[in-house]
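Worksheet: one structure, shown below.
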2 protein chains.
Amino acid sequence: MDVSKSAVPAEIAQLDSADPLATFRDEFYLPDNLIYLDGNSLGALPKAAVARLAAVVKKEWGEDLIRSWNKNDWIGLPRRVGGKIARLIGAQEHEVIATDSTSVNLFKLIAAAARLRPGRPYVVTEIGNFATDVYMIEGLSELLGRERLQLRACESSQLESAIRGDVALVLLTHVHYKTARLHDMARITALAHERGALALWDLSHSAGAMDVNLRAAEADFGVGCGYKYLNGGPGSPAFLFVAERHQRETSSPLWGWMGHAEPFAFEDHYRPADGLRRFLSGTPGILGLSALDAGLDVLLRADMSVITQKGRRLGDLFIQLVEDRCAGFGLELASPRDSRSRGCHVAFRHPEGYPIMQALIASGVIGDFRTDLLRFGFAPLYLRYADVWRAVIILEEILRSGSWKYPRFQERAFVT
Amino acid sequence: MDVSKSAVPAEIAQLDSADPLATFRDEFYLPDNLIYLDGNSLGALPKAAVARLAAVVKKEWGEDLIRSWNKNDWIGLPRRVGGKIARLIGAQEHEVIATDSTSVNLFKLIAAAARLRPGRPYVVTEIGNFATDVYMIEGLSELLGRERLQLRACESSQLESAIRGDVALVLLTHVHYKTARLHDMARITALAHERGALALWDLSHSAGAMDVNLRAAEADFGVGCGYKYLNGGPGSPAFLFVAERHQRETSSPLWGWMGHAEPFAFEDHYRPADGLRRFLSGTPGILGLSALDAGLDVLLRADMSVITQKGRRLGDLFIQLVEDRCAGFGLELASPRDSRSRGCHVAFRHPEGYPIMQALIASGVIGDFRTDLLRFGFAPLYLRYADVWRAVIILEEILRSGSWKYPRFQERAFVT
C-alpha cells in the first residue's frame with residue numbers, strides 16, 4: 001500500500017501550510033516513500049552534514065593533515081560544539097562539552113557527584129530508567145564498593161521518599177525513553193537540593209526536541225545524546241553539562257591527557273585543566289564531532305519554543321488519529337495524554353507489538369519497539385502533519401488486514 | 001626552497017624502484033609539495049575512506065537510517081573492525097574490539113587487571129611513558145584509594161626490580177612515543193608473569209607499523225590507537241585486546257548498555273555479554289569506525305614483515321643522511337641507532353628544536369615536536385626513500401641558513 005502520494009484531508013494539509021518550520025524539511029535527506037518516525041533513535045541526515053564531512057575528510061584530514069589541530073581548531077571542537085548545545089538546553093556556553101558517549105559521560109559525572117557528597121552512598125534513579133543510566137550506577141557501585149556507592153531504584157511515584165539524607169545524587173532521564181513521560185526537572189532538582197543531594201539529568205530524549213532549561217531548574221549536572229534530536233549521526237559524540245558553580249571542585253575520574261591543564265607539556269603527573277576541558281579524556285573524534293556540529297547549525301536556526309509546540313501537536317494528532325481509526329484493535333496509549341507532560345515521541349502498548357512494528361517498517365513507516373511498546377518519534381524539524389496522517393492510515397490497514405501475522409514479521413532482529 | 005621536483009641521487013631512486021610497497025602510495029591522498037613525516041601522529045587519508053564515508057553517510061545513514069543497525073551490521077562493526085586489527089598484532093579475531101579512545105580503554109583494562117590481582121596494589125610503568133597511560137593509573141588510584149591501586153613509575157632500566165610480588169599489572173608502551181625505543185614484549189611479559197603480575201601493552205606506536213605478536217609474547221591485555229599507522233582518521237576509535245584465557249573472568253568497570261548480554265532487552269540489571277562485547281559501553285561511533293575499517297583494508301593487503309623491513313630502512317636512511325649532511329649543527333640522535341630496537345619514527349634532540357621544527361613545517365616537511373625532541377615518523381605504506389632524502393636536504397638548508405631563528409618560528413601553538 002503506497003499512501004505517500006495520496007491526498008491528505010484538507011485540515012491536515014492546512015496544518016502543514018501554516019507550519020513555521022515547514023522549510024526545514026528540505027534541509028534533510030529523507031527517502032521517498034518512507035515515513036520516518038524514529039528520529040528519537042537516530043536523527044535524519046542534514047544535507048549540511050554531507051558537505052561538512054566531505055570538507056573535513058578531503059581538506060582538513062587529507063590536505064591539512066596534522067596541522068588541522070591548530071589550523072582548523074580541531075582541538076577546540078569539543079568546546080565549540082558543546083557551546084552550541086548549551087544554547088538548546090538553557091546552559092551557558094562554557095557549561096557544556098561534547099565528548100565520548102552518554103554512557104561514559106554518565107560514569108564521569110556519577111563518580112564526580114559521589115566525591116562531592118562523601119558519606120552519602122546512594123544514587124537514586126527510577127525503576128525502568130534507560131538501561132545504561134542504571135548499569136553505570138551498578139558498575140561504579142561494584143568498582144567502589146557498596147559502602148561508597150550504591151543504587152536505589154524506586155518507582156517514579158516514590159521519588160520523594162527515596163531521596164533522603166543518605167543520597168548523593170538523583171539521576172533521571174528528563175523524558176522517559178519508552179513512555180516519553182516528562183519529569184518536572186525544576187521540582188525534582190529542588191527536592192534533591194533540599195535533601196542535600198545533587199541532580200544529574202539525562203537529556204537524551206529532550207535536548208533539541210523541546211524547551212529545556214537547566215539553568216532555570218538549577219540542575220547540577222547533565223548528559224545527553226548527539227544522534228537523536230541533534231541529528232549528529234550514528235554513534236555521534238555525546239555531551240555533558242556541569243553547572244558553573246560546581247566546575248572548580250568537580251573532576252572526572254578518567255584522567256586522560258586531553259583533560260590535562262597542558263596536554264602537550266606531557267608532564268609526569270596529572271593536573272586537571274581549568275573548566276570543563278578536564279572532562280575530556282582521549283583524543284576527540286573529529287568526524288563525529290564535525291557531523292554533530294553541522295546538525296546543530298540547522299537546529300539553531302529554528303526557534304525552540306516553536307519546535308516544542310509543533311512536537312506536542314504532532315504527538316496529539318497521532319494519538320487522536322490512532323484512537324479514532326484503530327479503535328478495537330487492542331492498542332493502548334502508554335504515553336501521557338497531556339502533551340505538556342510528554343516528550344516528542346508516543347508509545348502504544350499491544351500484546352503483538354513486535355510483529356505489528358515489523359509490518360509497519362515493511363510498509364515504509366519506521367518506528368521501533370522497546371520491550372513491550374511500539375514507539376513513534378516525531379522530530380519537529382522535518383516531520384509533516386501529513387506524515388502522521390499517512391502513518392496512521394498504514395497502521396490501520398495493517399491492523400484491519402492482519403498482515404502483521406505473517407511469519408516473517410515474527411523474526412527477532414538483534415537491534416529492535 | 002622547493003626540492004619536491006629536484007632529482008634524487010640514483011641510489012635513493014633505486015631504493016624506491018625496488019620497494020615492494022611502492023604502489024601503496026597511490027592509495028592515499030598526499031598533498032603535492034609536502035613531505036609528511038607525521039603518520040605516527042595522524043595517518044594519511046586512504047582514498048578508500050573517502051568513498052566509504054560518503055556511502056556510510058548518504059546510503060547507510062541518509063537512506064537506510066535506523067535500519068542500518070541490522071541491515072548494514074553497524075551493531076557488529078566494533079567486532080568486525082577489531083577482528084581486522086587482530087590480524088595485524090598477532091591476536092585472534094575475537095580477542096580485539098574497536099571502541100572508545102585509547103584513554104578510556106586503558107581505564108577499563110587497568111581496573112580489570114586490578115580486580116584479577118586483589119591484594120597487589122601496584123601498577124608499574126616507566127617514567128616518561130605516554131602521558132595518558134600514566135594519568136589513567138593516577139586517576140584510578142585517586143578513585144579507588146592507594147591501598148587498592150597505585151602507580152609505581154620507574155626508569156625503564158629498573159623494571160626488573162620494580163616488578164615485585166605487590167604488582168598487579170605492568171603497563172608499558174611497546175614503542176616509546178618520543179624516542180621510538182622498542183620494548184622486548186615477550187621478555188617483560190614473561191618477567192611480569194613470573195612475579196604473578198599481568199602485562200598490558202599500549203600498541204599505539206607499533207600497531208600497523210611493524211610486526212607485533214601479542215600471542216607469541218603471551219600478553220594479557222593490549223590497547224592501541226586507530227588514527228596513527230592504522231590510518232583511521234582524526235580521533236578514530238581505539239582498540240583493546242584481552243587474551244582469550246582471560247575473557248571469562250575479566251570485565252569492564254564501565255557497565256554500558258552495549259556491553260550487556262542483551263542490550264535490547266533493557267533489563268533492570270547489568271549482565272555482561274559473553275566475550276569481548278562486554279567491553280563496549282555506549283553506542284559505537286559509526287563514522288569513525290567506518291573510516292578505520294577502510295584504512296585497515298588497505299593495510300591488510302600489505303605484508304607486515306615487508307612493512308617492518310621498510311620502516312627500519314627508512315629510519316636508518318634518515319639517521320645516516322642527517323648525521324652526514326647536518327653534522328656540526330647540534331642535532332643529537334635520541335632514538336636507538338639499531339633499527340631492531342626502534343619503532344617507525346626517529347627523534348633528534350636539539351636545544352632549539354621547537355623553532356627548527358616550525359621552520360621545517362613552513363618549508364613543507366611535516367614532523368612534530370615533543371617537549372625536547374624533533375620527531376619524524378616514517379609510515380612505510382606511503383613514504384618513499386626520496387621523501388627521506390628531500391626532508392634531510394631541507395633540514396640541512398634550514399640549519400645552514402639559520403632561517404629557524406625568525407621570530408615567527410618561536411610562537412608556540414596549542415598543539416605542538
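The values are calculated or read from the model by the stated rules, or taken from the named source; none is laboratory data. Model, not experiment: these values are computed from the prediction. Here the Cβ is made from the backbone with ideal geometry for all residues, glycine too, and neighbour counts use every protein chain on show.
Observations on the model:
- Within the range A:67-81, the set of residues being assigned to a helix (DSSP H, G or I) and either surrounded by fewer than 24 Cβ atoms within 10 Å (Cβ to Cβ) or more than 8 Å from chain B (Cβ to nearest Cβ) (or both) comprises A:67, A:68, A:70, A:71, A:75, A:76, A:77, A:78, A:79, A:80, A:81.
- Of all residues in the range B:231-245, exactly one satisfies the criterion of being surrounded by fewer than 24 Cβ atoms within 10 Å (Cβ to Cβ) and small (Gly, Ala, Ser), namely B:243.
- The criterion of being more than 7 Å from chain B (Cβ to nearest Cβ), of a type in the set (Asp, Glu) and under 24 Å from residue A:257 (Cα atoms) does not hold for residue A:133.
- Residues being of a type in the set (Lys, Arg) and within 8 Å of chain B (Cβ to nearest Cβ) - total across the range A:253-279: 0
- Applying the set (1) of a type in the set (Ser, Thr, Tyr); (2) within 22 Å of the chain's Cα centre (by Cα); (3) under 29 Å from residue B:66 (Cβ atoms) to residue B:206 leaves exactly one unmet item: (3).
- When the range A:112-130 is limited to residues that are in a loop (DSSP other than H, G, I, E, B) and under 19 Å from residue B:142 (Cα atoms), the one that is nearest to the other protein chains (Cβ to nearest Cβ) turns out to be A:118.
- Residues within the range B:43-66 that are in contact with a helix residue (DSSP H, G or I) (Cβ under 8 Å, 6 or more places away or on another chain), more than 7 Å from chain A (Cβ to nearest Cβ) and of a type in the set (Lys, Arg), tallied: 2
- Search result, residues across the range B:136-149 that are touching a strand residue (DSSP E or B) at 6+ places or on another chain (Cβ under 6 Å) and more than 8 Å from every other protein chain (Cβ to nearest Cβ): B:137, B:141
- A single member of B:378, B:329, B:348 is in contact (Cβ under 8 Å) with a residue 60 or more places away in the chain, under 23 Å from residue B:402 (Cβ atoms) and not hydroxyl-bearing (Ser, Thr, Tyr), and it is B:329.
- Per this entry, residue B:241 is not counted among residues that are within 11 Å of another protein chain (Cβ to nearest Cβ), outside any loop (DSSP other than H, G, I, E, B), among the aromatic types (Phe, Trp, Tyr) and within 30 Å of residue A:290 (Cα to Cα).
- Here residue A:294 does not qualify as free of Cβ contacts under 8 Å to residues at least 40 places away in the same chain and either assigned to a loop (DSSP other than H, G, I, E, B) or not assigned by TED's automatic domain parsing to the domain that holds residue A:386 (or both).
- Filter result (more than 23 Å from residue B:287 (Cβ to Cβ) and either in contact (Cβ under 8 Å) with a residue 60 or more places away in the chain or among the acidic types (Asp, Glu) (or both)) within the range A:248-263: A:249, A:250, A:251, A:252, A:253, A:262
- Top-ranked residue in the range B:82-113 [being crowded, with 24+ Cβ neighbours inside 10 Å and in contact with a Lys or Arg (Cβ under 7 Å, 6 or more places away or on another chain); ranked as farthest from residue B:208 (Cα to Cα)]: B:97
- Looking only at residues in the range A:96-111 that are polar (S, T, N, Q), at the interface with chain B (Cβ under 7 Å from one of its Cβ atoms) and in a helix (DSSP H, G or I), the one that is nearest to residue B:259 (Cα to Cα) is A:103.
- Annotation note: Cβ proximity below 8 Å between a residue of the range A:127-142 that is without any contact (Cβ under 8 Å) to a residue 12 or more places away in the chain and under 12 Å from residue A:177 (Cβ atoms) and a residue that is assigned to a helix (DSSP H, G or I) and of a type outside the set (Val, Ile, Thr) (sequence gap 6+ or interchain) occurs for A:131/B:257; A:131/B:263.
- Taken together, B:368, B:387, B:372 contain a single residue that is surrounded by fewer than 19 Cβ atoms within 10 Å (Cβ to Cβ) and of a type in the set (Asp, Glu), which is B:372.
- Count of the range B:135-155 residues which are out of contact with any Leu (no Cβ under 8 Å at 6 or more places or on another chain) and at negative phi: 11
- Of everything in the range A:352-378 that is at pLDDT below 95 and more than 18 Å from the chain's Cα centre (by Cα), the residue that is farthest from the other protein chains (Cβ to nearest Cβ) is A:372.
- Criterion applied to A:23, A:102 was being of a type in the set (Val, Ile, Thr) and under 30 Å from residue A:171 (Cα atoms), and the one residue passing it is A:102.
- Among (1) closer than 22 Å to residue B:33 by Cβ; (2) assigned to a loop (DSSP other than H, G, I, E, B) - the single one residue B:361 does not satisfy: (2)
- Hey, residue B:233 under 16 Å from residue A:103 (Cα atoms) and at the interface with chain A (Cβ under 8 Å from one of its Cβ atoms) or not: no
- Taken over the range B:42-52, the criterion of being surrounded by 24 or more Cβ atoms within 10 Å (Cβ to Cβ) and either assigned to a helix (DSSP H, G or I) or hydroxyl-bearing (Ser, Thr, Tyr) (or both) is satisfied by B:49 alone.
Yes/no per residue for (1) surrounded by fewer than 18 Cβ atoms within 10 Å (Cβ to Cβ); (2) out of contact with any strand residue (DSSP E or B) (no Cβ under 8 Å at 6 or more places or on another chain); (3) closer than 27 Å to residue B:376 by Cβ:
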{"site": "B:194", "(1), (2), (3)": "yes, yes, no"}
{"site": "B:200", "(1), (2), (3)": "no, no, no"}
{"site": "B:219", "(1), (2), (3)": "no, no, no"}
{"site": "B:224", "(1), (2), (3)": "no, no, yes"}
{"site": "B:229", "(1), (2), (3)": "no, yes, yes"}
{"site": "B:247", "(1), (2), (3)": "yes, yes, no"}
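- Only one of the numbered conditions (1) crowded, with 24+ Cβ neighbours inside 10 Å; (2) free of Cβ contacts under 8 Å to residues at least 24 places away in the same chain is violated by residue B:271, and that is (1).
- Among the residues of the range B:76-117, just one is within 12 Å of residue B:289 (Cα to Cα) and free of Cβ contacts under 8 Å to residues at least 24 places away in the same chain, namely B:76.
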